[in-house]
Structure formats: structure tokens, C-alpha cells
2 protein chains.
Amino acid sequence: MPNQLNDSELQLLEAISGLTGTPDGAYNIRLNGQAQSRASTQNITIEKKTDGKDGIDIRIEPNTINEKVYIPVIMDESGHSEMVYNDFYIGENADVTIIAGCGINNCGSHDSQHDGIHTFYIGKNAKVKYVEKHFGEGGGTGSRIMNPTTVVNIAENGLMEMESTQIRGINSTKRITNARIDKNGTFIVKEKLLTHESQYAESDFEVNLDGENSSANVVSRAVAQDRSQQLFTAKIYGNNKCHGHSECDAIIMDDAHIAAVPEIRANNPEANLIHEAAIGKIAGEQLIKLMSLGLTEKEAEQHIIDGFLK
Amino acid sequence: MPNQLNDSELQLLEAISGLTGTPDGAYNIRLNGQAQSRASTQNITIEKKTDGKDGIDIRIEPNTINEKVYIPVIMDESGHSEMVYNDFYIGENADVTIIAGCGINNCGSHDSQHDGIHTFYIGKNAKVKYVEKHFGEGGGTGSRIMNPTTVVNIAENGLMEMESTQIRGINSTKRITNARIDKNGTFIVKEKLLTHESQYAESDFEVNLDGENSSANVVSRAVAQDRSQQLFTAKIYGNNKCHGHSECDAIIMDDAHIAAVPEIRANNPEANLIHEAAIGKIAGEQLIKLMSLGLTEKEAEQHIIDGFLK
């Protein structure tokens, strides 16, 4: 149970999942490579993988409506490194919310690294909201590294809405998302990324709009501070009559570097594809206006960033 | 003199340069690899290269205002293949228009190919309008191939406006444009591309905004018909306080394929960069409206394409 975690672990859990007690629904809390606690429900089964790989299988019965699954990962053992495979089988007509996320507290001198491959099989007419927050903290010299890969298969009429947020404190991340959308399927992504100090973040989307009337909307908002570097790539392939849109808006500050390389490729004349990207600094007028209301420059900047990433 | 050209060559000349007689200004008309005619003026010197390379040097005196240079290339000898180097030295404070372009009439069974590398050195405060049209025709089985490379160096306060148009009839083209812009310099590109049958077109821009307050605006409009394929890439690198914008709008028809891969990279926090791209077919409502006015579907499509590429 989460209440067996220590105070710092509880804080980390809350930061990445919003949890302040035992989750309401199915859950698996992973602590330093072990299942700290786990619970299934009538409609949602969580089981340790039996194929030798580290990870869990999450099976959601058809027609499961309005249920939640929590699968947060916490690491506070400096030097721990793991590669985890989680597979999600979402039954037809289900409508569920899955809250993942990873928090690393590294106070030591060794790197802590979490690599996760999450694979979704979303059944016909099923809807999934997938929320993933990444956060790092701790005053050690060891790095906090997270490389999440998300593989998404959406069957006919299925929908996935993915909210992916990297709050602060991740030294290096390579985020890969590959999606394949069938007929009338929908894939929506809202990504938020903040990097600071000398952090590096790479976010790479590839979306295949395979089915007739499939659609995708990938929106990324990024802030790069200090000497941090970011690379955003999004490939949208229109292989049928479809709608695809990708957008990357980025605020650049200090000595940061940002690059955006979206790609749209129409392999079908009925494919309708759009992308847009903008990189720029905070507008001077916005800062001056807030400073004239009594905020310091730093406070005004923070206010604008909070609004941008909200 | 152009009036020594045959009728079909005169038609080709007019299609790519608008010329119907001897040009008003400096000119060099190239026919099947030879200078068919050439003229310099007081301020504009055109000379054959003396370094062993095939091509010409065009030198424009400082303060040359409102003058034109015509350097069209015509090829109607099937199987002719050439690699031409033309260098343009534009003096400070000049304000000139340069009309290039290449027309290939290939009635034979051998491929005709024109590769040209045009390098511009644009002096301080100088303005250049550069117009380049590419066109192919002829019922032979040999291909018409054009690979224009444009290298642009813009000095402080300089400006180049480049209008690049591929009308019809080019089987294969790889168009490369590399630009480097100094302080307060401006680079404007308007590209229009139409491909049909099984043609292939690739357009690749790389713009380095090196100088303070430099700016670039690259706008490409493309139509891909039949089984033709197009790839558009535009890299805008913001290396200083600068403004960069790239845009690719494409109409896809029949069994064509189009991909757009723009890249913006902010290497300076004062870089302000935007790109946008859209690929889609002609809207059904537009067609229906024009057809209700008495046009056939083909006529309505042509009307919309003409407007789009105008």
C-alpha cells in the first residue's frame, strides 16, 4: 500500500500521479524495480509478465466504463537502472483512464535510469485517456534519465488521448511514440516539456494514419531554459483518407537550443495533413506588462511559462 | 541574337524568360552548351569563365540601378548533358533584376540534362530580384532533367528575392538552395512547382540566418498530379537575433505522393522561427461551385490550380 512509502516517496508519488492514498481502482506501484503494491478489480487485471521480461500486463475487460488504472514508478535508489515492458489490452467499448508516470529522486553519485516500453492494444470503439508525468529531483551528482517508448495500436473507432508531461529535473530523455490508427480511429497527443540547466530532451512521434477517416492531432509545448537542448520530430503519414495535424510551440530562453523537424507525408490523395511550429522567446511587451503590475522579471517569466504549459 | 533561333527555340525562350526579341540590357543566351549570343552593358559585364569550368561570370558595378540581366538556357538537342557554373557578383547599392531559366525540348530517345550551380555574392545594401523558370516539352522518350543549385551570400543590408517556377514537363529535378544572410539582410523565396505523369521533384532549402536582424521567408506552393512524387525540405537555422519563416502548401491529386519536412533550429535565444505546411486535395465545394457556373470538372480543377500557382 502507498502508505508504506516514506515521506519523500509519497511526495514523489503525488507529484507524478496525484495520488495521496490508496488508489481508487486497479493499480501497480513500482518502487526501485519491485512491485511495492498491486491490486486488480473485477474488470481490470494487472499481472506480472510471465515471458521473462520485467513488467506487467494490464487487461481491461470489454465494456469497462469510467474506471481508472494507476501504474506509477518511483525510484530513489541511486544507480538503479531498469528496462520495463508494460502491455495494455483494452477491450471493445471500454472507456478508461490510465495514469502512468515516473519520479526519480537521486541523491547519490550514480545515474538512475528508467526505460519503459508501453504498448497499447485499443479495441474497437474503446476510449483511453493516458496520462504520463515525468519528474526528477535530488541533489546528487548522478543523472536522472528516462526514456519512455509508447507504442499505440488503435482499432476501428477507437480513441486514445495521451497527455505526456515532463515537469522538471530529468537530465536526459528520449521519448518515442509510434502509433498506428485504424478506420475512424483517433489519436490525440498533448505533450508538455520543460528543460533547464544542461538537460537534453528529444521527442519523436511517428503516426501512421492507416484507416479510412482516421485522424491524429499531436500538439507539443516546450520550454527550454539555461543551456538545455531540445529536439522535436513528428512524422505524420497519411496512408488513407485521413486528417493529421502536428504543432510544436516552443519558448526559448537563456542559452538554450531548440529544433523542430516535423514531417508530413501524403501517400494518399485523400490525406489532409498540416503541421506548424514556432520557436521564439517570451515577448518583451508581455514581460513589461506583468512587471508593471508589480512582479519581478523572474516572476513574470514564471507566470508566462506556467500559463503556456498549463 | 535571339532572332537567329528557330521558331521552336524562340517559343522555348519566351516560355522561360518572357523574351520576344533582343533583350533590353546585358544578356547571355545559351543554346545546347554554347553561347548563342552575349552582350554586356556599361555597368554589367558578362564573361566566359577562365578557370576551365563551363559557365559565365556576371559582374554588376556598385550603384547599378534598375537594370536587367537575361541568362536563359535552351536545349533542344536530345542527349545533351551539361554542368554549368554561373557566378554573380553584385556590387554595393545595386538594384537589379536577373532573369535565368532553362527550357528543354527533347524529341529524341536520349536524356537531356541541365545541371547549374548559380552562386550569388550580394554586396552591402544591394537588392537582387532573381527569376528562374524551368520548363520541358517534346514527345521523345528521353527524359528532361534539371538540377539547379543556388548558393546565396547576402552581405549587410542586402536583399534577394528569388522567384523559382517549374511550369511543366521536367521528368526529374533536384533543386538545392543554400543561403547565408548577414546583418539586416533579407532573403525571400517564392517557389512554384507542378509535377505530373511519373515525374519526381525534390526541393531542398537551407538558410543560415547568421547576422543580427537577418530574416528569411521561404514560401513554396506545389501541385502534384498523376503518379508524380514531390519532397520538400526547408531548414531554417537561427544563429543570431533573426526572423525566419517557411511555408509549404501543396495540392495532391490522382495517385501522387507529397512529403514536406521543414526544420527550424534556434541556436540563439533571440531567434524567432516559424514554419507551416499543409497538404490536401482540392476542396469539393470549390469544384462544385465552379462546375455550377458551367465548367467541366477538369476545367474547374485547372482554374483552381492556376489561381493557386499564380
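Numbers below:
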| quantity | calculated |
| --- | --- |
| Matching residues, segment B:125-134, being more than 11 Å from the chain's Cα centre (by Cα) and crowded, with 18+ Cβ neighbours inside 10 Å | B:ASN125, B:ALA126, B:LYS127, B:VAL128 |
| Where A:MET1 falls short, out of the listed (1) at pLDDT 90 or above; (2) of a type in the set (A, V, I, L, M, F, W, C); (3) open to solvent by 50 Å² or more (accessible area, probe 1.4 Å) | (1) |
| Lone unmet requirement of (1) closer than 17 Å to B:ILE98 by Cβ; (2) part of a loop (DSSP other than H, G, I, E, B); (3) touching a Pro at 6+ places or on another chain (Cβ under 7 Å) for B:ASP24 | (3) |
| Which listed residue is open to solvent by 10 Å² or more (accessible area, probe 1.4 Å) and closer than 30 Å to A:ASP111 by Cα, from A:GLN199, A:GLN225 | A:GLN225 |
| Strands (runs of 3 or more DSSP E) fully within segment B:53-106 counting 2 or more residues that are open to solvent by 30 Å² or more (accessible area, probe 1.4 Å) and under 17 Å from B:ALA35 (Cα atoms) | B:81-90 |
| Criterion: at the interface with chain B (Cβ under 10 Å from one of its Cβ atoms), surrounded by fewer than 23 Cβ atoms within 10 Å (Cβ to Cβ), of a type in the set (Gly, Ala, Ser) and touching a Leu at 6+ places or on another chain (Cβ under 9 Å) - qualifying residue of A:ALA271, A:ALA278 | A:ALA278 |
| Subset of segment A:245-259 that is under 18 Å from the mean Cα position of the chain (by Cα) and of a type in the set (Gly, Ala, Ser) - its residue that is surrounded by the most Cβ atoms within 10 Å (Cβ to Cβ) | A:SER246 |
| Odd one out for B:ILE117, checked against (1) open to solvent by 20 Å² or more (accessible area, probe 1.4 Å); (2) over 18 Å from B:ILE71 (Cβ atoms); (3) of a type in the set (A, V, I, L, M) | (2) |
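Yes or no, residue by residue, for (1) within 24 Å of A:GLY238 (Cβ to Cβ); (2) assigned to a loop (DSSP other than H, G, I, E, B); (3) acidic (Asp, Glu); (4) within 14 Å of chain A (Cβ to nearest Cβ):
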position: B:GLU247; (1), (2), (3), (4): yes, no, yes, yes
position: B:ALA260; (1), (2), (3), (4): yes, no, no, yes
position: B:LYS289; (1), (2), (3), (4): no, no, no, no
position: B:LYS298; (1), (2), (3), (4): no, no, no, no
position: B:GLU301; (1), (2), (3), (4): yes, no, yes, yes
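Matching residues to (1) open to solvent by 20 Å² or more (accessible area, probe 1.4 Å); (2) out of contact with any Asp or Glu (no Cβ under 7 Å at 6 or more places or on another chain); (3) away from every other protein chain (no Cβ under 11 Å):
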site	(1), (2), (3)
B:SER215	yes, yes, yes
B:SER220	no, no, yes
B:LEU231	yes, no, no
B:ASN239	yes, no, no
B:HIS243	yes, yes, no
B:ALA266	no, yes, no
B:GLU285	yes, yes, yes
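The values are calculated or read from the model by the stated rules, or taken from the named source; none is laboratory data. It should be emphasised that the depicted structure is a prediction, and the values quoted were computed from it without experimental measurement. Ideal geometry is used to build each Cβ from the backbone, glycine not excepted, and the neighbour counts take in all protein chains shown. Each accessible area value is taken on the protein alone, full model and side chains, heavy atoms only, with ligands, DNA and RNA left out. Shrake-Rupley method; radii C 1.70, N 1.55, O 1.52, S 1.80 Å.
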